[in-house]
Amino acid sequence: MKVSNIERFATHDGPGIRTTVFLKGCSLHCPWCANPETWTVQPVLMHDETKCVLCHQCEKHCSQQAISIQDQWTWDKEKCTYCQTCIDTCIPQALSMNGKDMTIDEILEEVLKDQDYYEESHGGMTLSGGEPLYQWEEVYELLKQAKGEQLHIAMETTGHYSWDQLEKASSYVDLFLFDIKHLDKNKMKAYTGANLDRILSNFERLAQTRAKDIIVRVPVIPGFNDDILQDIITYAKAHQVQAVHLLPYHSMGKKKWHQLNKPYKYENLDMMDEATLSIYASDFVQIGG
Ligand code: SF4
Ligand code: SF4
């Protein structure tokens, strides 16, 4: 499977202590994304301009001419063969490759290292991304084997795929952390490229039988959805889900956008204070993950 990162001792991706497996691939392109390195299934070369001294060593040693440094450092993924020579030649360690192939056994071996903590804290494994179901065939196998190990499984999901894919995965998933970012399909399409009808249809079908296993998550983005939060809460409540979590905008992904040479839409936007969302807090609505 194509894995971006595995994070142990995660405490915001479901109950208890968890290991979160960040999988590569996503069909959305949210401009506030905290993990833009996961969008492609292929690995991506990340360049930290705060460490780079423009010595040109990476450019010189790349046999594919995939790196070019003129006005700025650039990488051509079409030419890159992922040989990693540039990373080895960069003395200030300004380069890193995100994304690696792991077998299901390798992923589970990593996840099961903390099984004692899961039992103590009622934690488990969370699949995240990207969108976990982007690699749906491999994900079913991972889910099946993880269930065989009696793991509690949570899945953070965009809801953007076919119903068949979700239905097949759902029997192995104990908790869905289901993103509902907006209720206006034109705005959703314009900002993220996603088909909102597809997402809401999947959400509503899942909620018919698994409502109490769904937490609706809303990344709160100023200027995008901060004026319709009550509508999303009302919608989620009507479908009798377990809870809504409002996740205040943060800029922790900004550095990654820079490292990927991608323009970041929210360059000058301050992190949102949780207190500004406290008017929505209730037994049903939690502020933060
Ligand atoms: S080798 Fe490293 S420090 Fe030198 S130009 Fe390349 S990325 Fe920058
Ligand atoms: S990984 Fe290899 S091919 Fe790709 S940019 Fe670096 S040196 Fe060039």
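Any read-out appearing in this document is the output of simple, stated calculations on the displayed coordinates, not a laboratory observation. Not measured: the values here are computed from a predicted model. Here the Cβ is made from the backbone with ideal geometry for all residues, glycine too, and neighbour counts use every protein chain on show.
Please give the net charge around residue 271, taking every other residue with its beta carbon less than 14 angstrom from that of residue 271, where Lys and Arg add +1 and Asp and Glu add -1.
Within the 14 Å Cβ shell, the charges total -3.
Would you please give the residues with an amide H less than 5 Å from that of residue 226, counting only those at least 5 places away or on a separate chain, with H modeled from the backbone geometry?
221
Which of 189/254; 237/262; 60/262; 24/189; 51/189; 100/185 have a Cα-Cα distance over 27 Å?
237/262; 51/189; 100/185
With θ set to phi - 60° and the Karplus curve 6.51 cos²θ - 1.76 cosθ + 1.60, what are the ³J(HN,Hα) couplings of the range 45-59 in order, to the nearest whole Hz, using x for Gly and Pro?
8, 10, 10, 9, 5, 6, 9, 5, 10, 6, 7, 6, 4, 5, 4
Relative to the compact globular guide of 2.2 N^0.38 Å, what is the alpha carbon radius of gyration of the chain, as a ratio?
Compactness ratio reported: 1.05.
Once you keep just the Cα pairs under 8 angstrom separated by 6 or more residues, what percentage relative contact order results for the range 44-97?
With pairs under 8 Å counted, the relative contact order is 47 percent.
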